[in-house]
Amino acid sequence: MRLPTLLLTAVSCLALTGCGMVQNEKAFGDRVRAYLITHPEVIEEAINKLQEKQAAEASQLAQSKIAENRKALEQDPRDYVGGNPKGTVTVVEFFDYRCGYCKAAQPQVVELLKANPDVRFVFKEFPILPDRDGKLGVSLRAARSALAAGAQGKYGAVHEDLMAEKALDDATIAKILTANGLDPAAAKSAGEADKVTEHLTAVHNLGLAIGIQGTPAFIVGDQLIPGADMEALKRAIEIARAKQIKPAA
């Protein structure tokens with residue numbers, strides 16, 4: 001029996017007394033409470049139904065916001081594009097360099113791009129994980145360093161090294177930059193430039209507008225895929241390919 005019918009039946013049975021009217025609100029409340037205690041599955045069904053409704057509403061809102069912001073998502077010239085830059089299917093990832101789930105997904109992302117040569121992959125730095133003091137620190141500095149490396153044509157290599165590092169801190173960031181032929185001090189200065197700050201602010205606001213609440217978050221076509229659900233990402237790519245969804249002009 002579906003939830004609405006079940007609840008209606010339960011409430012109707014409890015509400016009807018001798019003349020079909022509730023004579024005592026407290027007695028009625030006691031009966032409802034007793035019924036729910038005896039049939040707790042009704043509460044579980046109600047919660048599940050509410051969650052389904054909320055998820056559907058969130059998905060619908062995300063689809064609307066993705067459509068409104070497609071150009072910013074897919075064609076911002078400041079973003080690094082991996083995979084096939086001329087691919088017909090675009091995947092966008094919002095990530096944080098200190099996010100364990102992002103790091104776990106990274107090798108699978110690499111394999112996915114190898115297996116799908118028609119995919120262009122847009123990287124969106126979305127630093128959101130605070131340091132122990134509650135302030136945004138290492139995540140933000142890692143993002144700034146990656147963008148500074150991008151200006152030197154070394155974004156891809158630095159990105160992979162930052163993702164591969166399990167315990168990321170400032171010393172490790174500097175070590176990674178040095179290993180890739182970059183001067184950490186110069187990269188730090190370049191990463192703090194106004195244009196980098198503007199870029200990161202734009203990505204942050206874009207993520208909030210779409211409803212991204214954590215990392216990683218992938219977008220394919222009109223679909224938002226929260227978390228490192230690689231199977232869902234693969235299905236979304238297949239659907240996009242079938243529909244021949246193309247990057248925004």
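Quick look at the values:
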{"quantity": "Residue satisfying condition, being under 18 Å from the mean Cα position of the chain (by Cα) and not hydrophobic (A, V, I, L, M, F, W, C), within set Ser145, Ser139", "calculated": "Ser139"}
{"quantity": "Tally of residues being assigned to a helix (DSSP H, G or I), aromatic (Phe, Trp, Tyr) and crowded, with 20+ Cβ neighbours inside 10 Å across the stretch 81-110", "calculated": "0"}
{"quantity": "Among the residues listed as Gly181, Gly207, the single one being within 20 Å of Arg141 (Cβ to Cβ), modelled with pLDDT of 95 or more and surrounded by fewer than 18 Cβ atoms within 10 Å (Cβ to Cβ)", "calculated": "Gly181"}
{"quantity": "Selection within the stretch 35-77 - surrounded by 14 or more Cβ atoms within 10 Å (Cβ to Cβ) and either assigned to a loop (DSSP other than H, G, I, E, B) or modelled with pLDDT of 90 or more (or both)", "calculated": "Ile66, Asn69, Arg70, Ala72, Leu73, Glu74, Gln75, Asp76"}
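The values are calculated or read from the model by the stated rules, or taken from the named source; none is laboratory data. Being a predicted model, the structure only gives us computed values, none of them experimental. Positions of Cβ are backbone-derived with ideal geometry, glycine not excepted, and every protein chain shown enters the neighbour counts.
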